[in-house]
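Data first, discussion second: the structure below is written as structure tokens.
No value in this document is a laboratory result; all are computed from the given coordinates. Keep in mind the model is a prediction, meaning the values are calculated, not measured. All Cβ positions, even for glycine, are placed from backbone atoms using ideal geometry, and neighbour counts span all protein chains on display.
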Amino acid sequence: MTRKDIGYRFVCALTIMATFLVAGRRGFTADESSFKPPSITPEMLDTLRTLPGSLSALPAVPVPADNPQDAAKIELGKKLFFDTRLSLDRASSCATCHDPGKAFADALPRAKGFQGQLGRRNSPTVLNAAYNTAQFWDGRAGTLDEQCKGPLLNPIEMNMLDEKHLVDRLNSIPGYRQDFKTVFSSTPTLDNVAHAIASFERTLVTPNSRFDHYAAGDKSALTQQEKRGLLVFIGKGACSECHNGPNFTDNKYYSLGSVAAPGAPQDTGRYEVTKREEDRYTYKTPSLRNVSLTAPYMHDGSVATLEQVVDFYDRGGDGGPNKSKLIYKLNLTTEEKADLIAFLKSLNGDLPTVKAPTMYPEVIAQSSEQVTREKIAR
Amino acid sequence: MVAFAMLSMSPAHAGTVSGKIKLANIPDPATSPAAGGRENVVIWLEGMHDAKPPETPVKISQHNLQFSPEFVIAVTGQKVEMPNDDDVVHNVYSFTGSSQFNLGLYGKGEMRSITFDQTGIVDVFCSIHHQMHARVFVVPTKYFANSMPGHSFTLTDVPPGRYVLKAWHERSHMIEKTIVVPASGSVTSDILLENGAQPATAARK
């Protein structure tokens, strides 16, 4: 081919391309309408060596070096988790909002705390929280050990007045005095309470979902529909852009453009922790494991069903502020939405069977009750 | 032919070609709503035989569900790498003429690459994310520059010879000029871009 020939072809190409580019840079023009983009099949998915977004089967639970797991500590943590005496009015325990019968969440839009007060946000499940590197919707705690101190002392949650109040309450229960001595060689402290509860929570994991088996190499573990749904998840739906890693969360913060309901309490999300403008109205990506068991959804529980969540993302979120550029109109078909939801249901793993333990009897401690009465009188 | 004879000699001597890119009746890309980042002006020389394409590959990343950058210039035979830096899969393909390709499904941390042996513009898409679109402008020589209207361009280390300097802009006629690069020294050749659409419309009336 001569150089002149190359040049001529080039100019022809440019002429054609110019028409195309002017007509519609981001789409196909009439001339290309017969052209079908290569389609993606579940069979192609099966050939991927690793899944994108580091999606994988649940690994072993990470355990912090300063709080190793042991059976006695886990048992103590379980007792504390279910004990309503860890709240000022002896009405609520961790299990009130993290109910084993409700996938360790509460099935309410917003958490109900001290004497029926409504919190601002939806109770997240404790299931698999041990895998997360950020806790709370705004990430104000990094570890479970830090996290579980929060609700104990939060005035609209369990409302214990301070560490001394909590310690007095536990010291009034001889069984706990003995357990803390055995497990920590110490009297109860806020840190020890937190370590014990966190140790118990590290047992609340849900391996063996059908997705886990698929990710581990059993290509028959998912149905064709679930595989199509996984393709939507890692492809057109771009869900795994944020819901990635073995626990289906990147532990990062985004605004989805949600619009707060009229009269909802003010909530600026991650901004309250960092005071950085870019964090305004952003919330942590939640895990999607067992997601079909943890309705309602979003940080404020404003979306009732999984179908509505998918519709929300499909329309590119709503018009709220600071919306992430990763949230855009998806144009999913009815079939793709159904496939996606089928896939999400394959993320349900083996739920831990936990029964509320028998509580230690209490010897009324004068000091603790005085504090209580003072508080209520105020 | 004179140019070829000179080119085949040792490239001990080399010159510089530079110039300014001026706008005639083209809307200012900074303010025109139609511009959308399409301000690229590609300048290259024709009339030489490059020994081999540059070894450094051109890279188009897939990041945040966009190609990045969305416009690259590659030399024929030069490797164009397309790494997936997203947490989703992509399927990169093109239906552009003889440069058609389909890189298949691949995920984060994986890379596929391709080379083009035809000059021209290759439109690159993802079959999953239809909003993703990149263009590879394939030129026949490593003596090229990417500039913008109102800016200047410089081609360095050009072997002495007679060349056709070409300039492309999306909304301009193709510019072609013959230039002679001396054994040493520089050539200045300004480029005046003119809107290609307007005169054509007028001529039909």
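So the values come out like this:
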{"quantity": "Considering only the range B:53-139, percent of DSSP beta bridges that pair antiparallel, nearest 5", "calculated": "70 percent"}
{"quantity": "Rel. contact order, % - alpha carbon contacts under 8 angstrom, at least six apart, chain A", "calculated": "21 percent"}
{"quantity": "Inter-centroid distance (Cα atoms) of the range B:131-201 relative to the range A:117-164, Å", "calculated": "62 Å"}
{"quantity": "Residues A:Arg121, A:Arg228 arranged by fewest to most Cβ contacts within 10 Å", "calculated": "A:Arg121, A:Arg228"}
{"quantity": "Max mean-square fluctuation residue, GNM over chain A, Cα-Cα springs under 10 Å, options A:Gly319, A:Gly77, A:Gly263", "calculated": "A:Gly263"}
{"quantity": "For chain A, convex hull volume per residue from C-alpha positions, Å³", "calculated": "190 Å³"}
{"quantity": "For the protein assembly as shown, share of DSSP beta bridges that run antiparallel, in % to the nearest 5", "calculated": "75 percent"}
{"quantity": "Degrees between helix A:71-82 axis and first principal axis of chain A (Cα, 0 to 90, nearest 10)", "calculated": "90 degrees"}
{"quantity": "Cα pair count fraction exceeding 17 Å, expressed as % - the range B:53-139", "calculated": "39 percent"}
{"quantity": "Percentage relative contact order, the range B:53-139, counting C-alpha pairs under 8 Å, at least six apart", "calculated": "32 percent"}
{"quantity": "Estimated vicinal HN-Hα couplings, Hz - the range A:53-63 in sequence order (Karplus 6.51, -1.76, 1.60; Gly, Pro = x)", "calculated": "x, 6, 5, 7, 5, 4, x, 5, 5, x, 10"}
{"quantity": "Simple label model, 7 Å out from Cα along Cβ direction - A:Thr268 to A:Ala107, nm", "calculated": "3.7 nm"}
{"quantity": "Two-site label geometry, B:Met174 and B:Lys59: point separation in nm, points 7 Å out along Cα→Cβ", "calculated": "3.2 nm"}
{"quantity": "Label-point separation in nm, A:Arg276 to B:Asp190, each point 7 Å along Cα→Cβ", "calculated": "4.7 nm"}
{"quantity": "MRE, 222 nm, helices only [DSSP H, n ≥ 4, -39500 (n - 2.57), over the protein assembly as shown, to nearest 500]", "calculated": "-7500 deg cm²/dmol"}
{"quantity": "Pairwise FRET efficiency - A:Ala65 versus A:Thr187, Cβ, R0 = 22 Å, nearest 0.05", "calculated": "0.40"}
{"quantity": "Set of the range B:176-196 residues, backbone N closer than 13 Å to the point 7 Å along the Cα-Cβ line of B:Ala14", "calculated": "B:184-185"}
{"quantity": "FRET efficiency, A:Gln178 to A:Leu118 (Cβ-Cβ, R0 45 Å, nearest 0.05)", "calculated": "0.75"}
